[in-house]
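Read through the structure below, which is laid out as structure tokens, and then see the notes.
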Protein chains: 2
Amino acid sequence: MSQPFEEMHFIEDIGLFFEQMGMPRMAGRILGVLLISDPPAQSITDLSEKLKASKSSISIMARLLVENGLIERVASRVPRRDYYRFKPGGWILYMEQWLGLMAALHQITERGLSLIDEKPPELKERLQEAHDLFSFIEEEFPALLEALQKKRASE
Amino acid sequence: MSQPFEEMHFIEDIGLFFEQMGMPRMAGRILGVLLISDPPAQSITDLSEKLKASKSSISIMARLLVENGLIERVASRVPRRDYYRFKPGGWILYMEQWLGLMAALHQITERGLSLIDEKPPELKERLQEAHDLFSFIEEEFPALLEALQKKRASE
DNA sequence: TGTAACGTTTAGTATTTACAAAACGTTTCT
DNA sequence: AGAAACGTTTTGTAAATACTAAACGTTACA
């Protein structure tokens with residue numbers, strides 16, 4: 001089943017984005033398909049045909065995406081085995097995981113600051129800058145996500 | 001020149017964070033050193049001794065960090081060649097680059113939406129969700145960074 | 001009951017990547 | 001001029017990674 005050119009382009013772009021973020025490109029391609037596919041739910045075989053990729057890699061990458069909370073399995077009426085679809089709220093979860101990384105960095109810089117506590121302030125400044133940024137993000141970013149959800153709910 | 005245990009731990013944690021973000025761990029370690037080193041500016045040789053790593057990889061990774069805007073070269077009075085130090089505002093730049101990725105994803109999802117424009121709304125919903133999130137971040141995140149800088153300036 | 005379809009897992013492979021070692025060019029000091 | 005110190009570049013390598021192909025187990029239907 002060959003895809004129109006623009007759809008392939010879109011799918012590949014999502015793949016490239018995932019690669020930029022340090023994940024396998026194939027995982028991004030799967031997500032790309034599941035973002036625009038006409039039945040939103042697709043089987044492993046469907047995906048492997050659309051992407052012209054092996055079922056094994058689709059199977060593994062789909063599992064990765066499930067772990068990341070971006071897609072989910074759905075039961076199918078048709079007695080074919082299992083279907084995957086984009087998980088509502090998946091991007092929010094994705095952002096929350098990213099936020100977790102920032103929070104971790106906040107902790108690390110805090111520990112770092114205690115290491116150079118006795119040093120003169122101008123030496124602590126650069127680490128303080130990092131600390132302040134990441135603690136600020138940890139504090140303020142959740143409100144941003146909430147504001148978005150509120151906005152979406154009201155539309 | 002061996003480092004106290006806690007400092008090594010801090011440095012390695014920054015390295016691991018970088019790895020999580022899809023960058024070479026050694027680049028993170030260099031940044032880790034430059035965040036707590038007592039003369040903030042360190043030469044390639046200094047860094048390679050502290051990290052017990054080859055000068056070649058330090059040289060290459062330092063260049064990578066310069067390209068990323070996280071560190072910068074500074075002239076040295078001592079006639080040794082060049083020194084690197086953490087770049088003030090480097091983290092802000094780092095975040096702005098991250099924001100650029102989100103903005104790119106906004107564009108991609110917008111193109112994606114035009115591909116499925118004629119489909120029923122419930123099919124467009126999942127991509128709309130992605131689009132709204134990333135366009136929201138593109139809009140609101142810069143204000144967050146500005147708020148941080150304002151807050152820091154006033155302290 | 002046997003066979004076909006599906007997904008998973010294992011094994012194998014080609015590419016990329018992160019490093020180190022070595023060779024190189026430049027500058028500084030004697 | 002010669003040697004030493006520094007950083008860069010090139011070359012080499014071991015490990016990780018992203019895939020494919022093949023083997024496998026399970027379910028469904030003929």
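In the P(r) worked out for the stretch B:1-50, what percent of Cα pairs fall beyond 17 Å?
28
From the label point of residue B:151, set 7 Å along Cα to the beta carbon, how far off in nm is each other copy's matching point, shortest first?
2.0
So, how do all the Cα-to-Cα distances of the stretch A:18-133 break down into 5 Å bins, in percent, from 0 on up?
Computed distribution, short to long bins: 2, 10, 17, 17, 12, 8, 7, 7, 7, 6, 4, 3, 1, 0.
Which parts of the stretch A:26-50 would a label at residue A:66 reach, counting a residue when its backbone N lies under 19 Å from a point 7 Å out along Cα-to-Cβ?
Correct set: A:26-35, A:40-49.
Placing unit charges on C-beta atoms (Lys and Arg positive, Asp and Glu negative, everything else neutral), compute the dipole magnitude of the protein assembly as shown about its Cα centre in debye, rounded to 20.
That gives the protein assembly as shown a dipole magnitude of about 1040 debye.
Residue B:101: net charge of surrounding residues, Cβ under 13 Å, Lys/Arg +1, Asp/Glu -1, itself excluded?
-4
Just to be sure I understand the curve: with the Debye formula and one point per C-alpha of the protein assembly as shown, what is log10 I(q)/I(0) at q = 0.08 Å⁻¹?
-0.45
Using the Cα centre as the reference, give the magnitude of the dipole from point charges on the C-beta atoms of chain B (Lys, Arg: +1; Asp, Glu: -1; all else neutral), rounded to the nearest 20 debye.
Rounded to the nearest 20 debye, it is 1040 debye.
Rounded to whole Å, give me the distance from the Cα center of the stretch A:112-155 to that of the stretch B:114-155.
Rounded to whole Å, the Cα centres lie 19 Å apart.
Which lysines have a Cα lying under 29 Å from the Cα of residue B:150, excluding residues fewer than 8 positions away in the same chain?
Partners found: A:119, A:124, A:150, A:151, B:87.
For the rotation that superimposes chain B on chain A, which residue of B has the C-beta lying nearest to the axis, and at what distance in Å?
B:22, 1
Defining the label point at 7 Å along Cα→Cβ, can you sort the distances from residue B:24 to the same site in each other copy, shortest first, in nm?
From this label point to the equivalent ones elsewhere in the assembly: 2.5 nm.
Just so you know, all these numbers are worked out from the coordinates, no wet-lab data involved. Just so it is clear, the structure is predicted and the values come from calculations on it, not from any experiment. Here Cβ is always computed from backbone atoms with ideal geometry, including for glycine, and neighbour counts include all displayed protein chains.
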